[in-house]
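A short write-up of the structure that comes next.
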Amino acid sequence: MAATESTPLVTSHGSIDDSSKRDRKYLIVGFVSGALFVSLLVTFFCLGSFFGGKETEQHSSSDSSPKTSQKFNDDSVVHATGGGGVAPKFIATQFISFTINTIGGVAAHGECEDRNVDPSNGFCYLGNTENITEDVYHRAQILQNVLHKIRDDAFRESPDIDHAGNVLKIVAFPEFYWRGPNGAYSLSDMLSDEGVLIQVSESIRETVRDPFFNDFLFIFGTVIAARSPDDPLLPWERPINAKEVEYYNFAPIIKGGLNDDDNDNYSIVTKRYISGADFLSRTELPNPTDEHIHNYAAFDEELRKRLEKRNTTLIEDNIIDLDGLRIGLEICLDHRVGALWNTLRTKYHSTLVDVLVITSAGMSIERGPNPVVPGGVVYLSDGEASSAACRRSDDSGVYHPNSVCRWGIGDLKHIPSGGPGYSDFFGLTACWDMEQMDLLKGYYSRYQTQGCAYTLKTYDIDVLDDFKYYPPSVEIYPTVAIPNRL
């Protein structure tokens, strides 16, 4: 994680009655028309309980077909109307971010009792610090509930998600979603057939194999892992020097459904550069940057064979080619350093990508190169926590690395002042707050910025009086046409 942007802490306004909380939804109708105008109408109403109830029951045949959203007035951002036989398969993308703060709990607010606290920032790991297996399964349960909520949207009278089959839905979780109380998971345990992360991975794969997810691409945050190749002990079980440890940070990527030969579409994208905040000083695992180690370890032949055995593709050049669509994916500091752009320059003759997705914890779109084609989009899911999206609005075809997303709506957080720019930020169409505490309690900070209220405040819409704290959220952006596909 790169040096984080300043993030004010939220002061509690009183106790929380867990039993009375219900999910809240904000529907944002209208967004950018040009670069400087935005019309936002916020409709607020309560939804039924999400975490506590059963998954959506069977629907009648008349309700089994997902609804398709209408076209927006802005010709640059459209909702596809579906239709079979369209080649290439996808003509548009839609971004969905699960926005949860992955930085940790705040000791000053009493969230770190009986937990190791990082002395440099007063944060601690939130989750089950006594039982790693239970911690992993609980995080997987939160993830599964997000997937169920996305699926249930298709059967609503007015869906917020564009369920047309020719729109690729890109669902992203932030960096550090899988981190563990030791600061990292054991890489050897993780890749063994009996490892808890492998078991959880199989469960998630089974969920997204459903044909319903045929037009979804999932970036399930990142996994932090470590190992000591020359020592059978785990690197946090004894005093150890960082130079004796191999560090890893990678994003699990799954294309939903099954491909033409009924195989999984599973891969991992590796992070290259270590930030000082990736491994905090709150665990026994040494921070590699203290020993001037700034690169993650490469996967050796043994690890590559394990991945191959599990039908998993290792992606080390930040590029995913999917049904004729070229997608770049960067993890936090890699974006700041320009890892994708360096790959495109050196290996792809500076060919640009159609879509860039960033999963991070303390990054923003404009802090690194945005090498997308004219009309291409950049999406961000950040663990600080926020999300953002912008579209390259010029049609020159000439790319300049210093020309990044600059212009957009109102006082949107991710717009810096000054400097060249060629892209327009655009706003959400809907935001779902995850207020039900039964599943989330103890796994996220109530005092770190996140959720719909925080996002809407960046649009100069202040609804914070409705909240005693910031819950995580699912943030949904409008459908954007892929250049030269319509």
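The values are calculated or read from the model by the stated rules, or taken from the named source; none is laboratory data. As the structure is a computational prediction, the values presented were derived from the model and not from experiment. Glycine gets a Cβ as well: all are built from the backbone with ideal geometry, and neighbour counts include every protein chain shown. Side chains are part of the model used for accessible areas, which takes the heavy atoms of the whole protein and leaves out ligands, DNA and RNA. Shrake-Rupley method; radii C 1.70, N 1.55, O 1.52, S 1.80 Å.
Can you work out which of the residues in the range 143-171 that are of a type in the set (K, R) and farther than 21 Å from V355 by Cβ is least open to solvent (accessible area, probe 1.4 Å)? For the range 143-171, the residue satisfying everything is K149. Selection of strands (runs of 3 or more DSSP E) fully inside the range 389-486 by the criterion of at least 3 residues being modelled with pLDDT of 85 or more returns 430-433, 473-476. Looking only at the range 160-186, which residues are under 24 Å from G362 (Cβ atoms) and among the aliphatic types (A, V, I, L, M)? Matches in the range 160-186: I170, V171, A172, A184. When residues of the range 299-324 are filtered for being out of contact with any Asp or Glu (no Cβ under 8 Å at 6 or more places or on another chain), in a loop (DSSP other than H, G, I, E, B) and either farther than 17 Å from N249 by Cβ or open to solvent by 70 Å² or more (accessible area, probe 1.4 Å) (or both), how many remain? Of the residues in that region, 4 qualify. I'd like to know if the range 189-211 contains one or more residues that are crowded, with 18+ Cβ neighbours inside 10 Å, free of Cβ contacts under 8 Å to residues at least 24 places away in the same chain and either of a type in the set (F, W, Y) or under 29 Å from K305 (Cα atoms) (or both). Checking the range 189-211: at least one residue is crowded, with 18+ Cβ neighbours inside 10 Å, free of Cβ contacts under 8 Å to residues at least 24 places away in the same chain and either of a type in the set (F, W, Y) or under 29 Å from K305 (Cα atoms) (or both).
Is there a residue in the range 325-342 that is within 20 Å of D278 (Cβ to Cβ), among the β-branched types (V, I, T) and assigned to a helix (DSSP H, G or I)? Yes, the range 325-342 contains a residue that is within 20 Å of D278 (Cβ to Cβ), among the β-branched types (V, I, T) and assigned to a helix (DSSP H, G or I).
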